[in-house]
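S.K.: Here it is: the structure, laid out below.
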């Protein structure tokens, strides 16, 4: 019994790390027509002006501006009779603290290249 507790704790801590995936749920994406290529560019801009510490809003005027551009190349195809799609995605973004956080430096950079494939049954 004493040995089973540490093993269960270890499994509980390691288990989520083994499930790194981009999961699609039914009807999240409708299968595209095969043999099509798409190139998309998405732009997101957010401004967060409330900073929380231990569940409580911190007084002051904290501002964090985030700008993000995402480039995605997509190719659809068929595997036998099953429709499928694969894409490569590369994000590029900037974070700019302002207000009471203005003394922190801004940062700009390229994110991780993502590759995903979906196959519809």
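S.K.: If I model a spin label as a point 7 Å beyond the Cα along the Cα-Cβ vector, how far apart are those points for residue 86 and residue 41 in nm?
M.R.: Distance between the two pseudo-spin positions: 2.5 nm.
S.K.: With Kirkwood's inverse mean 1/r over C-alpha pairs for Rh, give me the Rg to Rh ratio of the chain, two decimals please. Please list the in-between numbers first.
M.R.: On the way: Rg = 21.2 Å, Rh = 18.7 Å.
Radius of gyration over Kirkwood radius for the chain works out to 1.14.
S.K.: Please tell me the relative contact order of segment 4-119 in percent, rounded to the nearest whole number, where contacts are Cα pairs under 8 Å and at least six residues apart. Intermediate results must be reported in sequence, preceding the final value.
M.R.: On the way: 202 pairs, mean separation 26.1, N = 116.
Relative contact order of segment 4-119: 22 percent.
S.K.: For an R0 of 30 angstrom, estimate the FRET efficiency from the Cβ-Cβ distance between residue 106 and residue 28 and round to the nearest 0.05.
M.R.: On the way: r = 34 Å, r/R0 = 1.14.
In this case the efficiency is close to 0.30.
S.K.: Please list 83-89, 109-115 highest first by mean number of surrounding beta-carbon atoms within 10 Å per residue. Walk me through the numbers before you get to the answer.
M.R.: Numbers: 83-89: 16.4, 109-115: 9.7.
Going by the mean number of other Cβ atoms within 10 Å, highest first, we get 83-89, 109-115.
S.K.: Ok, one more. Please compute the contact order of segment 57-121 in relative form: average sequence separation of alpha-carbon pairs under 8 Å and at least six residues apart, divided by the residue count, as a percent.
M.R.: On the way: 125 pairs, mean separation 23.4, N = 65.
In percent, rounded to a whole number, it is 36.
S.K.: Show that you can apply the helix-only estimate: for the chain, add -39,500 (n - 2.57) for every DSSP H stretch of four or more residues, divide by all residues, and state [θ] at 222 nm to the nearest 500.
M.R.: Details: 1 runs with 11 residues, N = 121.
Roughly -3000 deg cm²/dmol at 222 nm, from the helical runs in the chain.
Coordinate-derived values only; no laboratory data. The structure displayed is predicted, hence computed values, not measured ones. With ideal geometry, Cβ positions are generated from the backbone for all residues, glycine too; neighbour counts draw on all protein chains shown.
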